[in-house]
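Asks: One structure coming up, written as structure tokens, with questions to follow.
The values are calculated or read from the model by the stated rules, or taken from the named source; none is laboratory data. The structure displayed is predicted, hence computed values, not measured ones. Note that each Cβ is placed from the backbone with ideal geometry, even for glycine, and that neighbours are counted across all protein chains shown. Calculation scope for accessible area: heavy atoms of the full protein, side chains included, ligands and nucleic acids excluded. Shrake-Rupley method; radii C 1.70, N 1.55, O 1.52, S 1.80 Å.
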Amino acid sequence: MEFRSFMDVALEEARAAGARGEVPVGAVIVSPSGLVVAQAGNRTRELNDPTAHAEMLVIRAACAAVGAERLIAHDLYVTLEPCPMCAAAIAAARIGRLYYGAADPKSGGVAVGARVFSHPQCHHVPEVYDGIGAAEAERLLKGFFAAKR
């Protein structure tokens, strides 16, 4: 099967999150057959829920859609490097591949900071691909925070 990136869908979700006043982060989960199972953007402010990150919401929605707590062989596209909470959820859901856009040197949990997937307590490590759509993801984030200052 030929590779197709779904980062454009995640970026659409990030733009929608930003338009709602949320930090512009979007995520999408794709089935092994290449179908979008779920997509979401940040909703922490809207839901008054610090766990309502795009990754958490999309994992919950995808698990509900497939009727299982594990998303084996599914792909997750997210516009920003997942934080430690989200990285732990990705491992728990047994996501097959993680594609993320912008690095997060302040709060990341994959390549910087906690590096959740490198801990011996991490029972599942997805394949990780970074920098996918990074320029657009960074532009959205920088624009959002510049407008807040």
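Asks: From the list ALA40, ALA17, ALA64, pick out the single residue that is in a helix (DSSP H, G or I), on the phi < 0 side of the Ramachandran plot and buried (at least 22 other Cβ atoms within 10 Å of the Cβ). Give the steps one after another, and end with the answer.
Replies: Numbers: ALA40 fails: in a helix (DSSP H, G or I); ALA64 fails: buried (at least 22 other Cβ atoms within 10 Å of the Cβ).
When all the criteria are applied, what remains is ALA17.
Asks: Can you pull out the residues in region 93-131 that are open to solvent by less than 50 Å² (accessible area, probe 1.4 Å), hydrophobic (A, V, I, L, M, F, W, C) and assigned to a loop (DSSP other than H, G, I, E, B)?
Replies: ALA93, VAL110, ALA111, VAL112, ALA114, CYS122
Asks: Does ALA27 fit the bill of being over 16 Å from ILE132 (Cβ atoms), of a type in the set (A, V, I, L, M) and either touching a residue at least 12 places away in the same chain (Cβ under 8 Å) or open to solvent by 60 Å² or more (accessible area, probe 1.4 Å) (or both)? Spell out how you get there, then give the answer.
Replies: On the way: over 16 Å from ILE132 (Cβ atoms): no; of a type in the set (A, V, I, L, M): yes; either touching a residue at least 12 places away in the same chain (Cβ under 8 Å) or open to solvent by 60 Å² or more (accessible area, probe 1.4 Å) (or both): yes.
Criteria not met by ALA27.
Asks: How do the pairs read when you match residues in region 45-65 that are of a type in the set (D, E, K, R) with residues anywhere that are in a helix (DSSP H, G or I), using Cβ under 6 Å and keeping only pairs 6 or more apart or on different chains?
Replies: Final answer for the pair search is GLU55/CYS86.
Asks: Another one. Can we say VAL9 is surrounded by fewer than 22 Cβ atoms within 10 Å (Cβ to Cβ) and touching a helix residue (DSSP H, G or I) at 6+ places or on another chain (Cβ under 7 Å)?
Replies: Judged against the criteria, VAL9 is not a match.
Asks: A further question on this structure: Of the residues in region 92-130, how many are basic (Lys, Arg) and out of contact with any strand residue (DSSP E or B) (no Cβ under 7 Å at 6 or more places or on another chain)?
Replies: Total satisfying the criteria: 2.
Asks: Checking THR51 against (1) farther than 16 Å from ALA10 by Cα; (2) touching a Cys at 6+ places or on another chain (Cβ under 7 Å), which test does it fail?
Replies: Only one criterion is unmet by THR51, namely (2).
Asks: I would also like to ask the following. Give ARG139, ARG149, ARG94 a once-over and let me know the one that is over 13 Å from the mean Cα position of the chain (by Cα) and under 21 Å from ILE59 (Cβ atoms).
Replies: ARG94
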